[in-house]
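The values are calculated or read from the model by the stated rules, or taken from the named source; none is laboratory data. Quantities reported herein were computed from a predicted structural model and do not represent experimental measurements. Note: ideal-geometry Cβ built from the backbone for every residue, glycine included; neighbour counts use all protein chains shown. The area values use the complete protein model at the heavy-atom level, side chains included, leaving out ligands, DNA and RNA. Shrake-Rupley method; radii C 1.70, N 1.55, O 1.52, S 1.80 Å.
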Amino acid sequence: MQQSLPVRFIQVTEVQRITPRMARVTFGGDDLADFVCDAPDQQVKLYFPRPGQSAPRLPEPGGDGDVMRWYQAYQAIPEDERPWMRSYTIRAHHPRRRALDIDFVLHTDEGEEEGPATRWARAAEPGATLGMFGPSAAFARPVPLGSADWTLLAGDESALPAIGTLIEALPEGARAVAYIEVADAAEEQRFTTAGEVEVHWLHRGGRPAGARGLLLDAVRSADFPPGSVFAWLAGEAGALRSLRRHLLAERGIDRRSVDFTGYWRLKLTQDDAPTEEDLAEARERLADAQPND
Ligand SMILES: Cc1cc2nc3c(=O)[nH]c(=O)nc-3n(C[C@H](O)[C@H](O)[C@H](O)COP(=O)(O)OP(=O)(O)OC[C@H]3O[C@@H](n4cnc5c(N)ncnc54)[C@H](O)[C@@H]3O)c2cc1C
C-alpha cells in the first residue's frame with residue numbers, strides 16, 4: 001500500500017522567547033493526531049503564508065506518496081502565492097497534548113534584511129497557521145549516538161535545537177563534547193541528559209553571525225578525548241566546510257564518521273540557487289554515504 005505524504009497544517013498555540021534571540025513556538029492542531037517523532041534531529045520543511053493569506057497554499061498530499069510530484073505541484077503555484085519554504089528541527093514532541101515545539105533563531109543582525117521565516121516567528125501569535133512537510137523517512141539520516149567512544153557536536157544557534165535533541169537522547173553514560181557558537185551568554189541553554197556532556201559556549205561578542213573562525217579555532221585547539229569519535233556538525237555552510245576539512249585532514253577522522261549539514265548560507269537566502277561550493281558539498285555528502293573502496 002502506498003503511503004500518503006507527511007504534509008500537515010499546524011496552528012500556533014503558544015510563543016515563548018526562551019532567550020533574547022530564540023523564539024519557541026508551540027504548534028497544535030488536528031493534523032498532529034497521527035504525528036510520530038521518535039528520534040532526535042528530526043527535520044521538517046515549514047511553509048509560510050504570503051501576505052494576505054491566512055494559511056499557506058499547498059498542493060493536496062495525494063495518495064500516491066510521490067514526493068517529487070508533490071514538489072512539482074508546489075513549484076507550479078504562482079510565485080506570489082507560493083509559500084516560502086524553510087527547514088527547521090522538531091525541538092520537542094508532546095504526543096499527549098498533540099503538540100510540538102520548534103525553536104526559531106531571530107537572526108537579523110543590523111543592516112541585514114529579515115528572511116520570511118524570521119519575520120514570521122518574530123510576530124507569531126496563537127492561531128497562526130503554517131504548513132509542514134515531514135519528518136520524512138525518505139530523508140532521514142539517523143545519528144548513531146553512542147556508537148563511537150564519544151560524540152562531537154558543533155554548530156551555531158541554528159543547530160542548537162538539533163543539538164538539544166541529540167544531547168537529550170544520549171544513552172546513559174555516553175560521552176559527548178559540544179561546541180556551540182551563540183551571540184552572547186544570554187543565548188546559552190541548559191539540557192537534561194543521561195549522557196556525560198561537556199558544553200563549550202562560544203560567544204561572538206558583537207561579531208555578526210556567520211563570521212567564520214570561532215568554531216574552527218575552538219575545535220582546532222581542543223584536546224580531544226581518547227577513542228573513536230562520531231562528529232555531527234551543522235550551521236553556516238562555509239564555517240562548517242572548514243571545520244569538516246580540519247577534522248578529516250588534520251585530525252584524521254574517517255569522512256563517514258562526520259555528519260555535516262549547511263543550515264544556512266552567509267548573505268544568501270534559502271531561495272537562492274546553490275553555489276558551486278553547495279554543489280560540491282552535496283556531492284561529498286553523497287560520497288560519504290557510499291561504502292569505502
Ligand atoms: C535541516 C535544517 C534544520 C534547521 N533547523 C533550524 C531550527 O530548528 N531553528 C532555526 O532557527 N534554524 C534552523 N535551520 C536554519 C534555517 O532554515 C535558516 O536559518 C533559514 O535561512 C531561515 O530562514 P529565513 O527566512 O529567516 O532567512 P532567509 O530568507 O533564508 O535568509 C535571509 C538572510 O538571513 C541570513 N540568515 C539565515 N539564517 C541565519 C542565521 N541562523 N543566522 C544569521 N543569519 C542568517 C541569510 O544569510 C540571508 O542573508 C535549519 C536548517 C536546516 C537545513
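Among all positions in region 128-151, there is at least one residue which is assigned to a strand (DSSP E or B) and assigned by TED's automatic domain parsing to the domain that holds PHE224.
Pairing each residue of region 99-111 that is charged (D, E, K, R) with any residue that is modelled with pLDDT of 95 or more and buried (at least 18 other Cβ atoms within 10 Å of the Cβ), provided the two are 6+ apart or on different chains, yields C-beta distances under 6 Å for ASP101/ARG24; ASP101/THR26; ASP101/ARG91; ASP103/MET22; ASP103/ARG24; ASP103/ARG91; ASP103/PRO161.
Residues that are among the aliphatic types (A, V, I, L, M) and either surrounded by 16 or more Cβ atoms within 10 Å (Cβ to Cβ) or in a loop (DSSP other than H, G, I, E, B) (or both) within region 249-261 comprise ILE253, VAL258, listed in sequence order.
Close contacts from region 196-225, counting a first residue that is of a type in the set (D, E, K, R) and assigned to a helix (DSSP H, G or I) and a second that is open to solvent by less than 70 Å² (accessible area, probe 1.4 Å) and more than 16 Å from the ligand (Cβ to nearest atom), with Cβ to Cβ under 7 Å and a gap of 6+ residues or different chains, come to ARG220/HIS246.
Pairs are defined by a Cβ separation below 6 Å, a sequence spacing of at least 6 or placement on different chains, a first member in region 118-134 that is closer than 21 Å to PRO20 by Cβ and open to solvent by 10 Å² or more (accessible area, probe 1.4 Å), and a second member that is of a type outside the set (S, T, N, Q) and part of a strand (DSSP E or B); the pairs so defined are TRP120/PHE48; ALA124/VAL12; ALA124/VAL15; ALA124/VAL25.
For region 37-71, the set of residues classified as more than 16 Å from the ligand (Cβ to nearest atom), more than 14 Å from PHE133 (Cβ to Cβ) and without any contact (Cβ under 8 Å) to a residue 24 or more places away in the chain consists of ASP38, GLY52, listed by residue number. The residue that is surrounded by the fewest Cβ atoms within 10 Å (Cβ to Cβ), among those in region 101-117 that are at pLDDT 95 or above and of a type in the set (D, E, K, R), is ASP101. Before we move on, is PRO78 of a type outside the set (Val, Ile, Thr), over 30 Å from ILE167 (Cα atoms), open to solvent by 20 Å² or more (accessible area, probe 1.4 Å) and more than 24 Å from the chain's Cα centre (by Cα)? Yes, satisfied. Of the residues ALA280, ALA209, ALA237, the single one that is open to solvent by less than 50 Å² (accessible area, probe 1.4 Å) and closer than 21 Å to LEU166 by Cα is ALA237.
From the residues in region 135-162 that are surrounded by fewer than 20 Cβ atoms within 10 Å (Cβ to Cβ) and of a type in the set (D, E, K, R), which one is nearest to the ligand (Cβ to nearest atom)?
If we take residues in region 135-162 being surrounded by fewer than 20 Cβ atoms within 10 Å (Cβ to Cβ) and of a type in the set (D, E, K, R), then ARG141 is nearest to the ligand (Cβ to nearest atom).
A count restricted to region 182-195 and to residues that are of a type in the set (Gly, Ala, Ser), touching a residue at least 60 places away in the same chain (Cβ under 8 Å) and assigned to a loop (DSSP other than H, G, I, E, B) stands at 1. Among the conditions (1) open to solvent by 40 Å² or more (accessible area, probe 1.4 Å); (2) at pLDDT 95 or above; (3) not in a loop (DSSP other than H, G, I, E, B), ARG50 misses just one, which is (3). Could you tell me whether any residue of region 262-269 is in a strand (DSSP E or B) and β-branched (Val, Ile, Thr)? No, because not a single residue in region 262-269 is in a strand (DSSP E or B) and β-branched (Val, Ile, Thr). Of the residues making up region 25-47, those that are charged (D, E, K, R) and either crowded, with 20+ Cβ neighbours inside 10 Å or under 26 Å from PHE260 (Cβ atoms) (or both) are ASP38, ASP41, LYS45.
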